[in-house]
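The next block holds one structure in the form of structure tokens; read it before the comments.
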Amino acid sequence: MVERGDGIFFVGGDRALFERWQPVLESVLARAVLVGRVGQAMVLKLVANLLVALNSAAAAEALTLARKAGLDLPLALDVLNASAAASSMLKVRGPMIVRGEFPAQMKLDLFMKDIHLMQEAATAVGAPLPFTDLAERLYAAAQAQGHGGEDLAVVVTALDSASGR
């Protein structure tokens, strides 16, 4: 994403300082946004990664159901990506899940660190994360199976193990 220049900088801090450096930031990525005071950009990044975690796990779960139901998986993915069910994570991680190959765009080991940080941030502000709790268990199971160096789409292997595949 960053290599394509598609990302976005989340910035927290002084507005004048941000405005001074915004052109430099936007020469690297298309957009830089001041999200609030120091520390808030980090929280927003965790919120964004929480959605990545849940959307990726949901894609794995949906495609597991499609496969187990006997659907043509490449066709199902194509149809889903053209429907209201489409998401950025389905488009990025769906093909990996269909192929059963997980070249790391976001290594599971690194992503687990972010999931732990999400949990800490949520605890600090009293925000319940029940879906993240479930997803964390699935990601941890895939990591325990030795998939930590692969893309987080490898979470599908935890679903496969749970279903006896």
Of L50, L29, which residue is within 20 Å of the chain's Cα centre (by Cα) and farther than 27 Å from D133 by Cα?
L29
Could you tell me whether region 28-39 includes any residue that is farther than 21 Å from Y139 by Cβ, in a helix (DSSP H, G or I) and either touching a Ser or Thr at 6+ places or on another chain (Cβ under 7 Å) or modelled with pLDDT under 95 (or both)?
yes
Restricted to region 118-132 and to residues being without any contact (Cβ under 8 Å) to a residue 12 or more places away in the chain and part of a helix (DSSP H, G or I), the residue nearest to L44 (Cα to Cα) is A122
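Yes or no, residue by residue, for (1) touching an Asp or Glu at 6+ places or on another chain (Cβ under 9 Å); (2) surrounded by 14 or more Cβ atoms within 10 Å (Cβ to Cβ); (3) part of a helix (DSSP H, G or I):
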residue: V24; (1), (2), (3): no, no, yes
residue: L44; (1), (2), (3): no, yes, yes
residue: A62; (1), (2), (3): no, yes, yes
residue: L71; (1), (2), (3): no, yes, no
residue: A76; (1), (2), (3): no, yes, yes
residue: S83; (1), (2), (3): no, no, no
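The values are calculated or read from the model by the stated rules, or taken from the named source; none is laboratory data. The shown structure was predicted, so the numbers you read here are calculated from the model rather than taken from an experiment. Ideal geometry is used to build each Cβ from the backbone, glycine not excepted, and the neighbour counts take in all protein chains shown.
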